Each structure stands twice: as structure tokens, then as C-alpha cells.
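Novice: The following block contains the structure, expressed as C-alpha cells.
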Amino acid sequence: MPRLGWVIAMACLAPVVSSGGQEPPAAPPTKPETEITLDKGTQVAFGIGFGGPIGAAASFRVLHGLGADVREGDDRVKAVCAVPIPHCAQGFLFQADAGSGGGKLSLGIGARARVDEEDFHGTVGVGLRAALVRTWGSPIGTEPGLTYLGPELDLSVLRVNITLGVLWRLSGHTGASAVFGWGIGFGL
């Protein structure tokens, strides 16, 4: 009988073996550490595009604000932010465009990032800016020699930019009093 007591005691203290020959569950995988580096950042970009009212155009953009480099395992996002958030109140976006139908100066806020993840590799961006346009040559949808001002929204994915806005005439007596500002371009 003492031998049966030891067998029962050992059976109670031994680890439970799962049924069906399955292995006990593995420990949950450890999460890779996230590494974040912040500092002031500036991005300079050039582009080409076509849109109204300035026609075929070349552009120059400067984005200055908070720079962030975020890494987690093999994933990485590198960005410059010029939007009014607590850590990035001093940023700005400046863009100058010269085209066959006019020129444009823009000032506003925005963000642009280089993303390297398993599902997506490329650039993304957004900007909201005030645009001042002066027409010349053969503008699209209006007359030359006019000045327009209005808001524009700029979205970009994989270096392809789309711009939409409304521009109201500031000077001149001919041509449209308001024009739809639009554009599609490619960032170099």
C-alpha cells in the first residue's frame, strides 16, 4: 500500500500531459521593440504635372517640421510632419509651380512619409495650403493676366500627386470669377 501512495502523490505532482499527443501551448511571441527617433526635419522635392489653371508645370516643394523615424522589427516609417500638433507647431509647407498657363505660390501645412512595411513600400503625403495663382500664356478655364487665391488639398501616394481646390479671382475684370484648381503630377 505505501507504494500506491507514492504513485498517487507522484501522479498529482507531475505536469499534466495534453491529450491526443499534442504539445503544450507555446509561449506567446514577444513583440519587437519599437524605436522612435525625433528631430527637426526638412524635405525638398521637385515634380512635374498638369492641371488647371496653370497647365503643364514644374514644381518645387519644401516641407519643414518635426522629423520622425519609427522602426518596429522590419517595418519602418520615416516622416516629416508640418501639421499643428503639440510636438510640431512650428512646421510649414511651401510650394512654387511654374507652368505654361501661369505660376502658383502655396503656403500651408502637411505631412509626408516614406513607409517600408511588409504590405506597402513607398511614399504617402497630405497637404492643405493657400494658393496664389497668376495666369499668363494659355491658362486652362480662364484668361491670362488674372490673379486667383484659394485653398487646395494635395494627396500623394507612391509619388503620384492629386491636387484639388477652388480659386477666386482677386484682380482683373475678364475671365471666370472662380475656377476649379486641379492637378495631377509626379514627384521626382
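Novice: Name the long-range amide H neighbours of ASN161: under 5 Å, sequence gap of 5 or more, or other chain; modelled H, no Pro or chain starts.
Specialist: GLY185, PHE186, GLY187
Novice: Measuring from the lowest to the highest alpha carbon on each principal axis, how far does the range 34-187 reach, largest first, in angstroms?
Specialist: Here the Cα extents, ordered largest to smallest, are 59, 29, 19 Å.
Novice: As an exercise, identify the chymotrypsin sites (Phe, Trp or Tyr not before Pro) in the range 137-188 lying in DSSP coil whose Cβ has no more than 10 other Cβ atoms within 10 Å.
Specialist: none
Novice: For the range 97-150, just say rounded, prolate or oblate: build the C-alpha gyration tensor, square-root its eigenvalues into a ≥ b ≥ c, call rounded for a/c under 1.5, and beyond that prolate if a/b exceeds b/c, oblate if not.
Specialist: It comes out prolate by the Cα gyration axes.
Novice: Once phi is turned into ³J(HN,Hα) by the Karplus curve 6.51 cos²θ - 1.76 cosθ + 1.60 with θ = phi - 60°, what whole-Hz value does each residue of the range 149-159 show in order, with x for glycine and proline?
Specialist: 9, x, x, 9, 10, 10, 10, 9, 9, 6, 6
Novice: Another question about this same structure. For the peptides 130-136, 149-155, what is the packing order when you average, over each peptide's residues, the other Cβ atoms within 10 Å and list the highest mean first?
Specialist: Top of the packing list down: 130-136, 149-155.
Novice: Could you grab the relative contact order for the range 34-187? Cα pairs under 8 Å, six or more apart, rounded to a whole percent.
Specialist: That works out to 20 percent.
Novice: So between ILE36 and LEU170, what do we pick up on full extension, going 0.36 nm a residue minus the alpha carbon distance?
Specialist: 43.7 nm
Novice: Still on this structure, please answer the following. What FRET efficiency, computed as 1/(1 + (r/R0)^6) with R0 = 41 Å and r the Cβ-Cβ distance, is obtained for PHE92 and SER138, rounded to the nearest 0.05?
Specialist: Efficiency computed from Cβ-Cβ geometry: 0.80.
FYI, it's all coordinate maths here, none of it is from the lab. Note that the structure is a prediction, hence the values are computed from the model and not measured. Methodologically, a virtual Cβ is constructed for each residue, glycine included, from the backbone with ideal geometry; neighbour enumeration extends over all protein chains shown.
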